[in-house]
Amino acid sequence: MVPLPPLPILPDPGNPRLSRPVTGTDHTGAPVEIAVVEERPLTIYLNAQEIVTAMTIGDYPEYLALGFLRNQGMLLADDVVTAIDHDDEVECVVVRTARQTSYEEKVRKKTRTSGCAVGTVFGDMMEGLEGLHLPPAPLRTSWLYALAHQINTMPSLYLTAGAIHGTVLCQQDKPLVYMEDVGRHNAVDKIAGFMFRHGVPGDDKILYTTGRLTSEMVIKTAIMGIPILASRSGFTAWGVEIARQVGLTLIGRMRGQRFVCLAGEDRLIRDADPAMVLPEARGMRRKGADDD
């Protein structure tokens with residue numbers, strides 16, 4: 001376990017590695033220059049085995065590798081990570097463990113998920129959920145409104161260049177770790193990698209995402225031990241079904257004063273008057289506000 005870095009960890013839209021200016025023309029034919037998100041491959045190895053190549057913006061590669069392997073069930077909760085070697089030139093990360101590993105059969109069985117940037121799940125998607133029921137945890141609506149306001153007004157790469165998703169690990173009304181990437185699955189894996197690397201428990205946390213609440217998102221949140229998942233966007237039926245199965249509180253379509261809860265409503269403590277919540281400034285809306 002590695003000591004926690006200073007919190008909160010927030011996006012750095014000024015990082016020149018994450019976007020670059022590109023010139024073109026607008027609808028009138030006038031020249032324009034806009035920032036576009038970088039997208040680069042990252043090959044993840046577990047010991048000597050190549051596992052997957054992910055398309056990513058390239059920040060926090062160690063967290064991404066750890067979180068991907070943990071969410072795929074290839075890193076166990078008690079695994080000892082002896083080294084993480086990142087080579088930027090050959091665009092790879094090697095995670096080394098004290099335990100000998102071999103996942104050839106699992107890697108052969110792939111499921112392409114609904115995530116943008118083509119998410120991939122190996123083996124049985126429901127593996128790890130057998131008998132899992134998330135712990136009780138209160139959720140005050142005042143926390144939800146406070147988090148939505150803070151996250152929507154934070155500097156982010158999305159506001160600079162678009163074409164990106166954000167995922168935020170929160171505790172009560174405080175954002176702790178805010179990760180962005182071209183695929184929501186990558187952003188969630190970075191959060192999972194952070195938690196695994198630093199031994200951060202999920203039982204008192206909230207996961208906030210700009211992306212859709214799909215089966216993949218619900219499964220990953222449950223595996224991370226987080227009992228509450230909230231989003232600006234909408235739901236899939238299987239995502240709702242799995243959330244109800246594992247006792248996860250699922251909240252979507254969080255926009256201004258409104259939200260919808262389709263699972264785990266017993267955790268909700270309605271301590272805020274929606275009429276007192278300020279409406280969103282349109283210019284600060286994250287992805288998901290108008291996509292479903």
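Among DSSP beta bridges lying fully in region 139-284, give the percent that are antiparallel, nearest 5.
60 percent
What number, in percent, do you get for the relative contact order of region 142-229 if the mean sequence gap of Cα pairs under 8 Å and at least 6 apart is divided by its residue count?
25 percent
Can you give the charge dipole size of the chain about its Cα centre, rounded to the nearest 20 debye, using +1 on the beta carbon of Lys and Arg and -1 on the beta carbon of Asp and Glu?
640 debye
Rounded, prolate or oblate for the chain? Axes are the square roots of the Cα gyration tensor eigenvalues, ordered a ≥ b ≥ c, and the cut-off for rounded is a/c under 1.5.
oblate
Rank by packing, highest mean first: peptides 186-193, 258-265, 60-67, with packing defined as the count of other Cβ atoms within 10 Å averaged across residues.
So the peptides 186-193, 258-265, 60-67, ranked by packing, come out 186-193, 60-67, 258-265.
Return the single residue from MET276, MET195, MET126 with maximal mean-square fluctuation; model: Gaussian network over the chain, springs between Cα atoms under 10 Å.
Answer for the Gaussian network model of the chain: MET276.
Along the charge dipole of the chain, Cβ charges K/R +1 and D/E -1, which of GLY202, SER156, SER233 sits furthest on the positive end?
Most positive-ward Cα: SER233.
Under 25 Å between C-alpha atoms is the cut-off here; go through the chain and count lysine pairs that meet it, provided they're at least eight residues apart or on different chains.
Qualifying lysine pairs in the chain: 16.
Let me know the shape class of region 156-233, please: from the alpha-carbon gyration tensor, a ≥ b ≥ c as square roots of the eigenvalues, rounded when a/c is under 1.5, otherwise prolate if a/b is greater than b/c, or oblate.
Prolate, because a/c is 1.5 or more and a/b exceeds b/c.
Helix by helix through the chain, keep the DSSP H runs that span 20 Å or more along the axis on Cα and average at least -0.5 on Kyte-Doolittle, and give those back in order.
Long hydrophobic helices here: 184-198.
Taking Cα centroids, how far is region 15-60 from region 188-266 in Å?
26 Å
Let me make sure I get this right: for region 139-284, a, b and c are the square roots of the gyration tensor eigenvalues over alpha carbons, sorted descending. Under 1.5 in a/c it's rounded, otherwise prolate if a/b > b/c, else oblate. Which is it?
rounded
Taking the dipole about the Cα centre of the chain, with the C-beta of Lys and Arg at +1 and of Asp and Glu at -1, give me whichever of PRO8, VAL81, LEU18 is farthest to the positive side.
Result: PRO8.
Of the residues SER102, SER215, SER156, which exhibits the maximal mean-square fluctuation in a Gaussian network model of the chain defined by a 10 Å Cα contact cut-off?
Looking only at SER102, SER215, SER156, the biggest GNM fluctuation is shown by SER102.
Using amide H atoms built 1.01 Å from N in the peptide plane, name the residues 5+ places from SER19, or on other chains, whose amide H lies under 5 Å from its own.
GLU38
Only four residue types carry charge here, +1 at the Cβ of Lys and Arg and -1 at the Cβ of Asp and Glu. Report the dipole size of region 139-284 about the Cα centre in Debye, rounded to the nearest 20.
Magnitude of the dipole: close to 200 debye.
5 Å is the cut-off here: which amide hydrogens, built 1.01 Å from N in the peptide plane, fall below it relative to CYS92, excluding neighbours closer than 5 in sequence?
Excluding prolines and chain starts, which carry no amide H, the hits are THR43, ASP87.
Which residue, chosen from ALA30, MET179, ALA263, occupies the Cα position most advanced towards the positive end of the dipole of the chain, where the dipole is computed from +1 (Lys, Arg) and -1 (Asp, Glu) charges on Cβ about the Cα centre?
It is ALA263, whose Cα lies furthest towards the positive end.
Which distance in nm do the two modelled labels at ASP26 and LEU76 give, with both placed 7 Å along the Cα-to-Cβ direction?
5.9 nm
Scan around ARG140 for amide H atoms under 5 Å from its own, H built in the peptide plane at 1.01 Å from N, and keep only partners 5 or more places away or cross-chain.
HN-HN under 5 Å from ARG140: ILE269.
Every number here is computed from the coordinates shown, using simple stated rules; none is lab data. Here the structure is a predicted model, which means the values were calculated and not measured. Here Cβ is always computed from backbone atoms with ideal geometry, including for glycine, and neighbour counts include all displayed protein chains.
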